[in-house]
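**Q** Can you keep this structure in mind? I'll have questions shortly.
The values are calculated or read from the model by the stated rules, or taken from the named source; none is laboratory data. Note that the structure is a prediction, hence the values are computed from the model and not measured. Accessible surface areas use protein heavy atoms only, side chains included; no ligands, DNA or RNA. Shrake-Rupley method; radii C 1.70, N 1.55, O 1.52, S 1.80 Å.
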Amino acid sequence: MFHPPHWHHKNIKFPKEEIDIVISKLKQVPIPSGNNCFTSFHLNSIRPESIWYENYSKILEDILSDIGVYQNGTYNYYYWSQLYIDGSSHGVHSHFPGDDISFVHFIQVPNEPLFRFTNTIGDYYIPHQFEGDIICFPSWVWHEVIVNKSNTERLIVSGNINITDMSPTPLESSN
């Protein structure tokens, strides 16, 4: 059975007022050619999700602490928001090469899960994805967002972490 490597980090919800601000600002961004959802990925100006900068600094510190990178390595990261409206989707893709760990934070989601992992030969795996869930996975894992048919706006924040150096602390012997 197909079960790609991934883990649920935490469930972190943001205030409805902030979510509404991000959605409103994203709807002012033109949809890029070849895309069918609103995204801040290509913005060079201030991004709507920047209101959560301090939140994501802490979230990413926690993710990297859990896997031992924060204490013993250096890294950089970037993230962006995406708003899927009725009929929106995002085809099969990975974030490799160049990125090590990817994550998706389900800010506002319809009842039907739309994110899934795939092996590109027809098998797929749908992880739990409730509002507030953060899923982390190796950036080489193929994934997609199936068509939103719910008339419910789906807001997510996605991101990538690049580990630039690892210097593990030697384990002490137990003599």
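**Q** Using θ = phi - 60° and the Karplus relation 6.51 cos²θ - 1.76 cosθ + 1.60, list the HN-Hα couplings for segment 142-152 in order, rounded to whole Hz, with x at every Gly or Pro.
**A** For segment 142-152, the Karplus-derived couplings read 5, 8, 7, 10, 6, 4, 7, 10, 9, 6, 10 Hz, x marking Gly and Pro.
**Q** I've got another one for you. Amide H of Phe38 versus every other amide H placed in the peptide plane: which residues, excluding those fewer than 5 positions away on the same chain, fall under 5 Å?
**A** It is Leu83, Ile85, by chain and number.
**Q** Could you work out what % of the accessible surface of segment 48-175 is carbon and sulfur, using a 1.4 angstrom probe and leaving DNA, RNA and ligands out of the count? Provide the component values of the computation, followed by the final result.
**A** Details: 3220 of 6290 Å².
The C+S portion of the solvent-accessible surface of segment 48-175 is 51 percent.
**Q** Which of Asp62, Asp123, Asp20 moves most in a GNM of the chain, Cα contacts under 10 Å?
**A** Looking only at Asp62, Asp123, Asp20, the largest GNM fluctuation is found for Asp123.
**Q** Additional query: Starting at the first residue of segment 41-53, write each ³J(HN,Hα) from the Karplus equation 6.51 cos²θ - 1.76 cosθ + 1.60 with θ = phi - 60°, in whole Hz, x for Gly and Pro.
**A** 3, 8, 6, 9, 8, 4, 8, x, 6, 5, 5, 9, 3
**Q** Straight distance only, please: which aspartates and glutamates reach the Cα of Lys10 with their own Cα at less than 15 Å, same-chain residues fewer than 8 apart left out?
**A** Glu61, Asp62, Asp66, Glu131, Asp133
**Q** Using a Gaussian network model on the chain with a 10 Å cutoff between Cα atoms, which of Gly122, Gly68, Gly132 fluctuates the most?
**A** Taking springs between Cα atoms under 10 Å, the residue moving most is Gly122.
**Q** Once the mean 1/r over all distinct Cα pairs of the chain is inverted, what Kirkwood radius in angstroms do you read off? Spell out each step's value before the answer.
**A** Numbers: mean 1/r = 0.0584 Å⁻¹.
Hydrodynamic radius (Kirkwood, Cα pairs) of the chain is 17.1 Å.
**Q** Another question, if that's okay. Could you work out the helix-only [θ] at 222 nm for the chain, with each DSSP H run of four or more residues adding -39,500 (n - 2.57) and the total divided by the number of residues, to the nearest 500 deg cm²/dmol?
**A** Working: 3 runs with 29 residues, N = 175.
That comes out to -5000 deg cm²/dmol.
**Q** Moving to a separate point now. GNM, the chain, Cα, under 10 Å: largest mean-square fluctuation among His143, His93, His105?
**A** Result: His93 has the largest fluctuation of those listed.
**Q** Okay, next question. With every protein chain kept in place and ligands, DNA and RNA left out, what is the accessible area per residue of segment 55-175? Probe 1.4 Å, answer in Å². Intermediate results must be reported in sequence, preceding the final value.
**A** On the way: 5880 Å² over 121 residues.
Averaged over the residues of segment 55-175, the accessible area is 49 Å².
**Q** While we're looking at this one, here's another question. Leaving ligands, DNA and RNA out of it, rank Val22, Val109 by accessible area with a 1.4 Å probe, largest first. Write out the running numbers ahead of the final one.
**A** Details: Val22 0, Val109 30 Å².
Output order, biggest surface exposure first: Val109, Val22.
**Q** Still on this structure, please answer the following. Can you work out the base-10 log of I(q)/I(0) for segment 37-119 at q = 0.20, 0.21, 0.23 1/Å, using the Debye formula on its C-alpha atoms alone?
**A** For the requested q values the scattering log ratios are -1.22, -1.30, -1.41.
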